[in-house]
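Take a look at the structure set out below.
The values are calculated or read from the model by the stated rules, or taken from the named source; none is laboratory data. Note that the structure is predicted; figures quoted are calculated from it, not measured. Glycine also receives a Cβ, built like all others from the backbone with ideal geometry; neighbour counts cover every protein chain displayed. The area values use the complete protein model at the heavy-atom level, side chains included, leaving out ligands, DNA and RNA. Shrake-Rupley method; radii C 1.70, N 1.55, O 1.52, S 1.80 Å.
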Amino acid sequence: MSTNAKTIGKELVDLCREGKSLEAISRLYDDDVVSVEAADTPGFERETHGKKAVEAKANFWAASTDVHSFEADGPFPHGDD
């Protein structure tokens, strides 16, 4: 079954709006995902490779960060995707 980018994007945004960003990683990210930050951060290099490593980074961030508000818009597909 083929899923287009707009469908995946909508599911991603919906999960994030529901506060389920960690579930979004688990359900939607490929095993070979690469997460790229603007710079190295304490405990993490600029690039994180693989779903398990990205999940670990996201769990660390969630446990060490207080989020006071959050909004997610989109998806914004490009072209006919």
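Output yes when any residue across the range 4-26 is of a type outside the set (Asp, Glu), open to solvent by 80 Å² or more (accessible area, probe 1.4 Å), without any contact (Cβ under 8 Å) to a residue 24 or more places away in the chain and outside any loop (DSSP other than H, G, I, E, B), and no when none is.
Looking through the range 4-26, none of the residues is of a type outside the set (Asp, Glu), open to solvent by 80 Å² or more (accessible area, probe 1.4 Å), without any contact (Cβ under 8 Å) to a residue 24 or more places away in the chain and outside any loop (DSSP other than H, G, I, E, B).
So which residues in the range 27-51 are open to solvent by 60 Å² or more (accessible area, probe 1.4 Å) and part of a helix (DSSP H, G or I), if there are any at all?
27
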